[in-house]
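*Asks:* Please see the structure below; I have some questions.
The values are calculated or read from the model by the stated rules, or taken from the named source; none is laboratory data. None of the values given here were measured: they were computed from a predicted structure. Cβ sites come from the backbone with ideal geometry, for glycine too, and all protein chains shown count toward neighbours.
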Amino acid sequence: MSGPGRNPMTAAEWKRIAGITAGALAVFVGMRFLPTGTDLNHMDFRVSGQNAIEFCDPSNPQFIPVVAARSPVAMTVQWEAPPVTGREGRGVVMLKTASGKPVEAQDLLVAHTRKLHLLIVDPTLTDYQHVHPEPGVARGEWTISWTPRSSGAYRIFADFTPAATGRGLYASAEAEVSAVAGAAAQAPAGQTDARSPYTFALAAAVRPTRAGQPTDLKFSITRSDGGAVPLEPVMGAFAHLVAFDEARSGFAHLHPAEADLTKKPDAMRPELNFKITIPQAGRYVIWAQVKLGGREEFAPFAFEVAP
């Protein structure tokens, strides 16, 4: 640059600046074309026609009719042995796109600390478990370990986010669980029992809750002895709510409005706020999942939704 008191830049200085600029541009272009680690693109997660699952916007949680709608990803589960009540079962989950391509770990983004979430619920909605499979040996395989606490046709919902879209997606499968004499009386894993010092409450801001109308929910925890509640984050949130309809046609996975983990709720009576829109009238069960003093606990709440 030239001007009063400045000497004109020499040809060598101009050349050096041009070289730096060219180098920075090359780095930028190179970064743009680096492989993302996935061979799948946006269109691999699309299905044509009506009645297909839409991608989920995390800021606008909705009830997703996973069973009735067509998903661009098919899920199957193969077990080492048929699942039995009260016994740990091991199996392999397979995820494939509509075109038959396997969905691997590098094809998914980390969402709430994990790449793949399985929401498993029994026919009576009294045993709900949240399981995280790990990538298997073969492409598209994920290993699962799970102990059912009841019997019947369990439904398994998969919740994941493709790297190619950055939006939540879903799939479902079933697992038939055989009963064992005396095992059905076991309490669901992690569910709070009568010995727990904690009391959980979930209340709607307006009653009755009506179908198709946004509803505010307030979730709170207290201790019977009046002591502090050691609430800790679980999967990147202070609590998770999962709502199922009686037919288990789908679910809604909700996260609290209090998203800043550096601002802990009140230690004596933590309260968290959620929003949900339920499309159809009927009976629903909303499961809360929290972490208290290093232990994850689950608590169910029955809701009747009016027309």
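*Asks:* Can you name the residue in segment 202-246 that is among the hydroxyl-bearing types (S, T, Y) and at pLDDT below 95 and, of all such residues, is farthest from the chain's Cα centre (by Cα)?
*Replies:* By that ranking, first place goes to S224.
*Asks:* Looking at T126, T143, can you tell me which residue is surrounded by fewer than 22 Cβ atoms within 10 Å (Cβ to Cβ) and part of a loop (DSSP other than H, G, I, E, B)?
*Replies:* From the options T126, T143, the qualifying one is T126.
*Asks:* Which one of E104, E88 is under 26 Å from S151 (Cα atoms) and either among the small types (G, A, S) or outside the structural domain of Q280 (by TED's automatic domain parsing) (or both)?
*Replies:* E88
*Asks:* Only one of these conditions is not met by E104: (1) of a type in the set (D, E, K, R); (2) under 14 Å from V66 (Cβ atoms); (3) in contact with a Lys or Arg (Cβ under 7 Å, 6 or more places away or on another chain). Which number is it?
*Replies:* (2)
*Asks:* Out of the residues in segment 190-245 that are among the aliphatic types (A, V, I, L, M) and assigned to a loop (DSSP other than H, G, I, E, B), state the one that is surrounded by the most Cβ atoms within 10 Å (Cβ to Cβ).
*Replies:* A239
*Asks:* Identify, by number, the condition in (1) surrounded by fewer than 17 Cβ atoms within 10 Å (Cβ to Cβ); (2) under 27 Å from A158 (Cβ atoms); (3) free of Cβ contacts under 8 Å to residues at least 40 places away in the same chain that T277 doesn't meet.
*Replies:* (3)
*Asks:* Conditions: (1) surrounded by fewer than 21 Cβ atoms within 10 Å (Cβ to Cβ); (2) of a type in the set (K, R); (3) touching a strand residue (DSSP E or B) at 6+ places or on another chain (Cβ under 8 Å). R155 meets all but one. Number of the miss?
*Replies:* (1)
*Asks:* Would you check if there is a residue in segment 111-120 being farther than 30 Å from F303 by Cβ and not assigned by TED's automatic domain parsing to the domain that holds F298?
*Replies:* Yes, because at least one residue in segment 111-120 is farther than 30 Å from F303 by Cβ and not assigned by TED's automatic domain parsing to the domain that holds F298.
*Asks:* For the structure I just gave you, tell me whether P265 is touching a Leu at 6+ places or on another chain (Cβ under 6 Å) and farther than 28 Å from G152 by Cα.
*Replies:* Criteria not met by P265.
*Asks:* Give the number of residues within segment 247-265 that are surrounded by 12 or more Cβ atoms within 10 Å (Cβ to Cβ) and more than 20 Å from the chain's Cα centre (by Cα).
*Replies:* Residues in segment 247-265 being surrounded by 12 or more Cβ atoms within 10 Å (Cβ to Cβ) and more than 20 Å from the chain's Cα centre (by Cα): 3 in total.
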